[in-house]
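See below for the structure under consideration.
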Amino acid sequence: MSTRSRETRALSAIAALAIALAACSPAPASTTAPPASLAPTTLASAPPAATASATSMATASASTALIPDGTYAAAPMDVAAIKALVNADTKLTAADKTDIIEKASELGSHKTSTVTLEFHDGQWTEYQGFDGAVGGIGTRATYAFPDDHTLLIEESCCGISTFDVTPAQNGFSLKVRSGAFVSTEVDTMVTHILFESSPFTRVP
């Protein structure tokens, strides 16, 4: 066999081997992006649920300094005059009158009665004292001023009561408009004695 024939056969074998190797090699990885339907998706965050608003003592505006923080006292009331006022009320029964004089107001044999109101950081405290003493606590409540002439107080036991407020010399006067303080005839009379008998003046 001539040298050229041997070279020709060798080249043919090499070509055949290259074709066989190419057929056995794995296909290259596709660089084409997957269809949109197969691509991973991210769920959009759901908008937060709307928060329901509530009207209550907690949301009543206290920005108006209708009654500045401090202690205020009404003028001392003559106990005999209070008893006469109660006994003259024709809307009250005999039992009602006894209840007011002996229980609700605890007038007893005292000479004078004084009501003191303390306003401090949204907390109301009412005291009833006799014969010059500050006395014990009558009511505790939270308070707020929804406008420039209204006071709201809320007792944990009895709910919300509303007062009209009238500025006075170094203090204010109160008039109960609605709420637990006027739910019965007895309540109305006691409220009148405690809060409406005279203006409240700031205590130095």
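Every number in this text was worked out from the coordinates using simple rules, so none of it is lab data. Just so you know, these numbers come straight off a predicted model, no measurement behind them.
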All lysines inside 20 Å of K103 as judged from Cα atoms, apart from same-chain residues fewer than 8 positions distant
K83, K91, K111
Using Cα pairs under 8 angstrom and six or more residues apart, how large is the relative contact order of the stretch 97-199, in percent?
16
